[in-house]
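For reference, the structure discussed in these notes is given below.
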Amino acid sequence: MKEKIFSENFNLSSYTTIKVGGIAEYFAEPRNIAEFSYLIKWANLNKRKCQIIGAGSNLLINNIFIKGLVICTKKMKSLKIDPCSGIVEAEAGVMLPTLSNALAKNGLQGGEWAVGIPGTLGGAIYMNAGTGNLSLSKNLISVQVINNKTHEKLDIERKDLNFEYRSSSFQSNNLVIISAKLNFEPNGNLETLIRTTKNNLKIKKETQPYHLPSFGSVFKNPKNNYAAKLIDDLGLKGFKVGGAEISTMHSNFIINSSAASSKDIYELITVIQQKVQQNKGIYLQPEVRMLGFDYPN
Ligand SMILES: Cc1cc2nc3c(=O)[nH]c(=O)nc-3n(C[C@H](O)[C@H](O)[C@H](O)COP(=O)(O)OP(=O)(O)OC[C@H]3O[C@@H](n4cnc5c(N)ncnc54)[C@H](O)[C@@H]3O)c2cc1C
């Protein structure tokens, strides 16, 4: 692979849904697994840190110079669906709304809830994204990964991935998700599936600031409680730091209301944590992942 497949000094702000980001020393969007593997090897051989992003929908990137290589998976979007068996093989960059709509159109049940999550499959597996009791891990058979350090490719079964609420073993290992095999219930009623999927998106848009720049829920729900309720109880809806604002529609969302910097957003996260800790005695753990910060993810 001789052609240069990365850019230098690349502005990442349009690669996050909250529209904030730093400058990556190197940036690449591989179109297939061969390019993806090559980039990971390149970073290792050249002793550059290699960080992966999907759709940047759960990500706060510090507005600084980010040393090393940032790889975005969004162009890796091969999706194969077998409507008879319900087996799906998808690359890491397939968007959840695309997957959800494609499942419904193929009569496969079990992915209707995922239509309103604007992230990639890789990001969703890493985060164990979900809603209520539903999460993607329930439909996973196995995940194909590359070891960021050894470049070895391997398949890992769902049982070995320690999925918990918004957590997976990918958050503490060196593995990069390339693709996944999933299983959904075949022979569903097409009309019902399409209607339910559409309706789930409608509900999402009615209850969350879906079209404003945000990164979804900022904090994980503490045990037997809701982060949104704790924030709401303190009357913090609409509270601002610079251009970062607690959504008036959903208190667990921060929106970029007017050219927020990463510092504004980070400070707002800290202020919320302090106020909830002082008033309710509860520590709110961020769900959102940080890139370019010292924050312990
Ligand atoms: C409007 C809105 C609504 C949302 N609703 C929900 C919801 O209902 N439920 C929910 O769970 N989340 C929700 N989210 C959050 C977000 O969409 C999910 O967490 C999503 O799964 C993140 O995927 P991503 O591709 O954007 O990941 P990114 O934000 O790009 O990355 C998240 C983390 O995953 C890692 N990562 C990404 N791809 C890979 C890969 N291929 N290999 C290894 N690591 C990788 C990154 O390094 C990073 O640490 C919402 C976000 C928004 C903006």
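General observations
- Computed over region 227-291, the range of Cα coordinates on each principal axis works out to 32, 25, 16 Å, biggest value leading.
- Checking the Cα-Cα distances for K75/K149; K75/K205; K75/K223; K19/K229; K75/K263 against a 28 Å cut-off, the pairs over it are K75/K223; K75/K263.
- Compactness of region 40-120, expressed as Rg and Dmax over alpha-carbon positions, Å: 16.2, 49
- Measure of compaction for region 79-207 (Cα Rg per 2.2 N^0.38 Å): 1.04
- Placing a label point 7 Å from the Cα of R48 along the Cα-to-Cβ direction, the residues of region 59-89 with a backbone N closer than 18 Å are 64-75.
- Listed residues S135, S258 arranged by accessible area, highest first, probe 1.4 Å: S258, S135
- Value in Å of the Kirkwood radius, where the chain supplies the Cα pairs that are averaged: 19.9 Å
- The portion of the accessible surface of region 79-207 made up by carbon and sulfur, rounded to a whole percent, is 48 (1.4 Å probe; DNA, RNA and ligands excluded).
- Alpha carbon Rg of region 198-250, scaled by the compact-globule rule 2.2 N^0.38 Å: 1.22
- Residue-normalised accessible area of region 227-291, given per residue in Å² at a 1.4 Å probe: 43 Å²
- Förster radius 22 Å - calculated FRET efficiency between S172 and I64 (Cβ-Cβ, nearest 0.05): 0.35
- Angstrom value of the Kirkwood radius, inverse mean 1/r, which spans all Cα pairs in region 3-72: 12.1 Å
- Computed about its Cα centre, the charge dipole of the chain is approximately 200 debye, with only Lys, Arg, Asp and Glu carrying charge at their Cβ.
- Helical mean residue ellipticity (222 nm; -39500 (n - 2.57) per DSSP H run of 4+; nearest 500) of the chain: -8000 deg cm²/dmol
The values are calculated or read from the model by the stated rules, or taken from the named source; none is laboratory data. The structure displayed is predicted, hence computed values, not measured ones. Reconstructed Cβ throughout: ideal geometry from the backbone, glycine too, with neighbour counts over all protein chains shown. Accessible surface areas use protein heavy atoms only, side chains included; no ligands, DNA or RNA. Shrake-Rupley method; radii C 1.70, N 1.55, O 1.52, S 1.80 Å.
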